[in-house]
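So the structure is just underneath, and the comments pick up after that.
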Amino acid sequence: MDGEISQADLRELLTSVEAERDYYRLVAERLGQKSLTDAQDFSRMIRNLRQTEEKLRRSQEELEKTIAERTAELVNSNRGLLESNSRYDQLVQRIPNGIYTLRISKDRSMQFEYLSPRLCQFLDLDADAVLNDASLAFAVAHPEDREDIIRTSHEANESRAPFRWEGRYIVRNEVQWIRVESDPVVTPEGDILWNGVVSDITERRLTEEKLRESEELYRLLAELAPNAITVCDPSGVIQVLNPKALQLFGFLDESEVLGSEIFKWVSSECLASAERSFEDLLRKGSLADVELRLLRKDGSEFMADVNASMLRDWQGRPKLMIIVTSDTTQRKQVEAERLKLQKIEAIGTLAGGIAHDFNNLLQGVFGYIAMARLEIADKDAASAMLDQAEQAIKQAVNLTSQLLTFAKGGQPLKKRVVLRSTIENSTKFALSGSSSNCQINIAKDIWGIEADEGQIGQVIQNIVLNASQAMQQCGTVMISADNVELERGSHAALPDGGSFVRIQIRDTGIGIPPKYLAKVFDPYFTTKQKGSGLGLATTYSIVKRHGGTITVSSDPGTGTTFCIYLPAQAQDAAPEPAQPAGLATAPVVTAGPGRRVLVMDDEEMVRNVAGKMVERCGYEVGYAADGEQAIQKLREASESGNPFQIVILDLTVKGGMGGEEAIKKIREILPDVKAVVSSGYSDNCVVSDYRTYGFDAYLNKPYNVTALKESLDALLK
């Protein structure tokens, strides 16, 4: 400092003053009072010396004070430095990041000057070894990332730009993600000091990877979702669509619809309902199973179920709407088919019961007419009346046959059917007596089907007859049949797909008005004055029971097309024996030994007439009213030594044991007796598969003497 004297200078000055003082004292003693002037000079010199001495004393005091102050400042400074270093060490220990200082010399040699304990612990580094050899810090980098961190660090050192790097390190045999951030400081010597921070970002990276996987998963879910997914902003403007949404609404590219309002694709008749639902969504945050009629790009409409949820931001404000739309067109069609089938089944159950009871009555009438014919001459006037009665019964039998077919759909008597002859014969029969023509085009390789040939023929006849009547019996009916393979889900009524024979019957008549088109298969629906309303309903029931479906399309004024799909069968089925259906009379035969027949039926009239018919066939007859009585009489006859060889069992007995239950017990006690099942339910599974249930033959009510005799005689051969 200016004006200040050091201790060394002060000591040297004091030594000089003392020496001069001694010198002048010695001179004064030698000179004495020789010269006054000299004395005065000497006095002046002494005074000056004293003044100089005082100055030196004061300087010494100031120097000592300054030294004391500087010492105190140094002590305080050292104490602050120690406290600062302590706080720094504590901070370094507590922060989760590692800290380092790396010196890179002008010759590119590297030397770590500092490594924080946290860094060494985190990267599992030996501090002393790395301080001696900086390359060890890079050696634990992941092999795939090691070259990158070395190259990036050299590039940063050359450009003296901040160094930022993320990569993987192998720590304790596990992969850890780290982030390095370091800034350069150039030293006076030209070296570069890199003061850096190393952060563990493993958790963040794993979270990012999970987020990426989650986003990819949801993207795939949206792309593969069977439903249309649309994302809109709170005002209803479309932001994102998945591929199914593009397909459902008929767009080729999302650019065609992005930015448009969602209400643009709602039918006008459902617009008010859609707006109310939108308000509910904004208020409640979700929407479930709202049925709307929507519009495609081409303007066509379709029914859809709409579900939606509102996504809100952190402040709870609406941000995005996620709307899921399901096309319910096929489901509606299936539901309509199901409801129609349920209605037909309900009415069919009633019709089947009526037909069964009616057949029992017809059996009595049928039998008594046959018996009366045997008692009179063929040319008698009564014979002609019996002929008329028989014709009336034929019509009644045909009606009950339709009722039963309508009720149960023609499940019985399935066999391998070649459709060519069935279609040709049924068409010829249906058009006989009319002026209508037909064109038949059947594929040469047409597949066979396993079905009731009579019922399928009835289907063809009903539709061809309708077609002829629609053309006022003067047009052309066009019939085609081919093989088709339906993919799963390609046909609403046949969702499982498969191999089918397709029969198409088209006319050029007046067509069916749209308001009637959905009702043509309804029971008892008809627009004809003399129609029964059962023809197409029976047709529908038969096709459905065969595992197929039937559709109709029509343009008023141009004609109607019926399309029938029947499952194709790969294997032949054993043909069932044909049933005689004539009303021919049979000669009277006298009963002989070993020709006893037990007739069981709960209807007394049926039981009696059947017994008389059995006697006419040359058999001795016995009677039973139910299954229990039949079992008792069979047992008693067997024990008496005069057994029944044949038993005819009515399938259904009101309030008692029927034939199905009775045959099981009969087989336990009389396994050799021949059993015939008889029923007005010609389509019952026991009748159609009678051998499986223990019977040897079947008779459909009403049956005549000829059919009865042929069946009984065949059993005793």
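Given VAL171, VAL237, which one is touching an Asp or Glu at 6+ places or on another chain (Cβ under 9 Å), closer than 29 Å to ASP280 by Cα, at pLDDT 90 or above and of a type outside the set (D, E, K, R)? Before the answer, list the steps.
Values: VAL171 fails: closer than 29 Å to ASP280 by Cα.
Testing whether each residue is touching an Asp or Glu at 6+ places or on another chain (Cβ under 9 Å), closer than 29 Å to ASP280 by Cα, at pLDDT 90 or above and of a type outside the set (D, E, K, R) leaves just VAL237.
Only a single criterion out of (1) under 28 Å from HIS491 (Cβ atoms); (2) charged (D, E, K, R); (3) surrounded by fewer than 17 Cβ atoms within 10 Å (Cβ to Cβ); (4) touching a residue at least 12 places away in the same chain (Cβ under 8 Å) is not satisfied by GLU261, namely (1).
Give the residue, chosen from VAL687, VAL676, that is closer than 18 Å to GLU603 by Cα and β-branched (Val, Ile, Thr). It would help to see each step written out before you state the result.
Details: VAL687 fails: closer than 18 Å to GLU603 by Cα.
Result of the check over VAL687, VAL676: VAL676.
Quickly run through region 424-464 and pick out the residues that are of a type in the set (Phe, Trp, Tyr) and closer than 17 Å to GLN569 by Cβ.
TRP447
In region 632-649, the count of residues that are in a helix (DSSP H, G or I), in contact (Cβ under 8 Å) with a residue 60 or more places away in the chain and of a type outside the set (D, E, K, R) is zero. Summed over region 238-256, the residues that are of a type outside the set (Asp, Glu) and out of contact with any strand residue (DSSP E or B) (no Cβ under 6 Å at 6 or more places or on another chain) give a count of 8. Any residue at all in region 468-475 that is farther than 18 Å from PRO556 by Cα and not hydroxyl-bearing (Ser, Thr, Tyr)? Scanning region 468-475, I find no residue that is farther than 18 Å from PRO556 by Cα and not hydroxyl-bearing (Ser, Thr, Tyr), so the answer is no.
Looking at GLN461, GLN469, GLN455, can you tell me which residue is part of a helix (DSSP H, G or I) and either within 39 Å of the chain's Cα centre (by Cα) or outside the structural domain of ARG506 (by TED's automatic domain parsing) (or both)? Spell out how you get there, then give the answer.
Numbers: GLN461 fails: either within 39 Å of the chain's Cα centre (by Cα) or outside the structural domain of ARG506 (by TED's automatic domain parsing) (or both); GLN469 fails: either within 39 Å of the chain's Cα centre (by Cα) or outside the structural domain of ARG506 (by TED's automatic domain parsing) (or both).
The match here is GLN455.
Scanning region 289-322 for residues that are exposed (fewer than 11 other Cβ atoms within 10 Å of the Cβ) and either at pLDDT 90 or above or over 13 Å from ASP233 (Cα atoms) (or both) gives ASP289, ASP298, GLY299, SER300, TRP314, GLN315, GLY316.
This table checks each residue for (1) assigned to a strand (DSSP E or B); (2) modelled with pLDDT of 80 or more; (3) of a type in the set (S, T, N, Q); (4) not assigned by TED's automatic domain parsing to the domain that holds ILE463.
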residue: LEU536; (1), (2), (3), (4): no, yes, no, no
residue: THR539; (1), (2), (3), (4): no, yes, yes, no
residue: GLY547; (1), (2), (3), (4): no, yes, no, no
residue: VAL552; (1), (2), (3), (4): yes, yes, no, no
residue: PHE562; (1), (2), (3), (4): yes, yes, no, no
residue: ALA574; (1), (2), (3), (4): no, no, no, yes
residue: PRO577; (1), (2), (3), (4): no, no, no, yes
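Being free of Cβ contacts under 8 Å to residues at least 12 places away in the same chain and farther than 21 Å from VAL418 by Cα is a property that holds for SER490.
Yes or no, residue by residue, for (1) in the same structural domain as ILE99 (by TED's automatic domain parsing); (2) assigned to a helix (DSSP H, G or I); (3) surrounded by 11 or more Cβ atoms within 10 Å (Cβ to Cβ):
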site	(1), (2), (3)
TRP177	yes, no, yes
PRO188	yes, no, no
VAL198	yes, no, yes
GLU215	no, yes, no
LEU220	no, yes, no
THR230	no, no, yes
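Within region 671-681, can you find the residues that are touching a Phe, Trp or Tyr at 6+ places or on another chain (Cβ under 9 Å) and in a loop (DSSP other than H, G, I, E, B)? Correct list: VAL673, GLY680.
Filtering region 477-526 to residues that are modelled with pLDDT under 85 and not in a loop (DSSP other than H, G, I, E, B) leaves PRO514, LYS515, TYR516, LEU517.
Of the residues making up region 248-258, those that are outside any loop (DSSP other than H, G, I, E, B) and in contact (Cβ under 8 Å) with a residue 12 or more places away in the chain are LEU248, PHE249, GLU254, GLU256.
Out of GLU279, GLU269, which single residue is more than 20 Å from the chain's Cα centre (by Cα), part of a helix (DSSP H, G or I), of a type outside the set (Phe, Trp, Tyr) and under 30 Å from ALA336 (Cβ atoms)? Before you say what the answer is, go through the steps one by one.
Working: GLU279 fails: under 30 Å from ALA336 (Cβ atoms).
The conditions single out GLU269.
Of the residues making up region 204-231, those that are basic (Lys, Arg) and without any contact (Cβ under 8 Å) to a residue 12 or more places away in the chain are LYS210, ARG212, ARG219.
Of all residues in region 113-138, those being part of a helix (DSSP H, G or I), farther than 22 Å from TRP177 by Cβ and of a type in the set (D, E, K, R) number 1. Give me a count of the residues in region 683-708 that are in contact (Cβ under 8 Å) with a residue 60 or more places away in the chain and either among the basic types (Lys, Arg) or not in a loop (DSSP other than H, G, I, E, B) (or both). Of the residues in that region, 9 qualify.
Within region 165-175, which residues are surrounded by 13 or more Cβ atoms within 10 Å (Cβ to Cβ) and not acidic (Asp, Glu)? Show your work before the answer.
First, the residues of region 165-175 that are surrounded by 13 or more Cβ atoms within 10 Å (Cβ to Cβ): 165-171.
Residues satisfying the conditions are TRP165, GLY167, ARG168, TYR169, ILE170, VAL171.
The values are calculated or read from the model by the stated rules, or taken from the named source; none is laboratory data. The shown structure was predicted, so the numbers you read here are calculated from the model rather than taken from an experiment. Cβ: placed from backbone, ideal geometry, glycine included. Neighbour counts: every protein chain shown.
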